Amino acid sequence: MAVIIEVLGWGGRRRQYYQVDADQVSIGRGYDNDIVLPDPHISANHLRLDASGDGWAITDLESMNGLQVLKNPGPDASVLASGSEIKVGRTRLRIVAKNHPLEVTKLLHRLERDSSRLNRVSVWLPLLLTVIVAQIIALYAGTVAEWEWKNALPVILSAQLAIFVGALLWGLVGRLVKQEAHLLGQYSLILLASLVFTGCEWLLSTLSYNFNSVLFGETAQQLVAMSILLLLLSANLALATNLSSRSRWSGCAAFVGLLVIVGTVGQMKRWGEFSQFPQYSSTIATPTLLVVNGQTREEFLADITPLFDRADEAVLKK
């Protein structure tokens, strides 16, 4: 009776397997066994499997560390059915018959089918350079102080370091779960999300400035950021794990929803606080892109000066 012994690794993934066409199979560290395992915690002659009906009877050959039955799907506890798992020493084994049913073949995610394109330097490098240029432009357009590279470089380098660390972590998850890191692919996904977010942030801040609606700009930016994060996390998980589409989207939505709740609670708490030292800007910057008619800086200052004068007079009268 043929038996297949699978050596299992992280997450129950098969690392290697042995196939023996015999009614009796010996397992141990000694070279006289049918299956030789190099685990130092396994005895020279550790155990024996004997064919018994539709399964295998297991016998401990007076091993030093014994054995442990982790799983036995069969009705008879004394006979191991196909799919049973045992532990000998520090090695986990699965006993499988030739006719053991296989799992349904899983459809590759589109990102996995196109992973060879994402894992190319010719894709990653242009994305990296484009993101850096976009960050420089966004910083230059949004600053109200005199431009200095010594102030911009730390921001750009810290952002790129965060992107690299994120790609490295997702690559590690992929290596552990699917034995495939897809490091450049994960890096490219995060770079693409960063590029989209930078463009959306600039557009929304410009619209907010033009239409004098700070609340709209902040709310829209948060919604866009959460949407981009949701899509990015789903793509990262698709490339790094074997989760189903429903599980992937549900998990991502729950995580993003939790971030929204925490952020909203924090914002509401700040609304109720009074600070004697409010944040302000001492420089009035010219808008990056003006799409509606508005006052010039000189007109604005001319109109606001009398307002401050009246406020000072009111204070003096008190």
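The values are calculated or read from the model by the stated rules, or taken from the named source; none is laboratory data. Keep in mind that this is a model prediction, so the values were computed, not measured. Every residue, glycine as well, gets a Cβ built from its backbone with ideal geometry; the counts of neighbours run over all protein chains shown. Areas reflect the complete protein model, heavy atoms only, side chains present, ligands, DNA and RNA absent. Shrake-Rupley method; radii C 1.70, N 1.55, O 1.52, S 1.80 Å.
I need the calculated FRET efficiency for the pair N65 and Q16, taking r as the beta carbon distance and R₀ as 30 Å, to the nearest 0.05. Walk me through the numbers before you get to the answer.
Numbers: r = 21 Å, r/R0 = 0.71.
Calculated transfer efficiency: 0.90.
Just how many % of Cα pairs in the stretch 221-264 lie over 12 Å apart, if you round to the nearest whole percent? Let's see the in-between values first.
Values: 550 of 946 pairs.
Value for the stretch 221-264: 58 percent of Cα pairs lie more than 12 Å apart.
So if we plug the beta-carbon distance of L153 and E218 into 1/(1 + (r/R0)^6) with R0 = 25 Å, what FRET efficiency do we get, rounded to 0.05?
Numbers: r = 27 Å, r/R0 = 1.09.
Efficiency, from the Cβ-Cβ distance: 0.35.
Once you compute Rg and the Kirkwood Rh from C-alpha atoms, what is the Rg to Rh ratio for the stretch 1-70?
Computed over Cα atoms, the ratio is 0.95.
Using only protein heavy atoms and a 1.4 Å probe, report how much of E218 is accessible, in Å² to the nearest 10.
That residue has around 100 Å² of solvent-accessible surface.
Regarding the stretch 130-229, what are the three Cα extents along the principal axes, ordered largest first, in Å?
Rounded to whole Å, the extents work out to 51, 32, 17 Å.
Straight distance only, please: which aspartates and glutamates reach the Cα of K269 with their own Cα at less than 19 Å, same-chain residues fewer than 8 apart left out?
Correct list for K269: E218.
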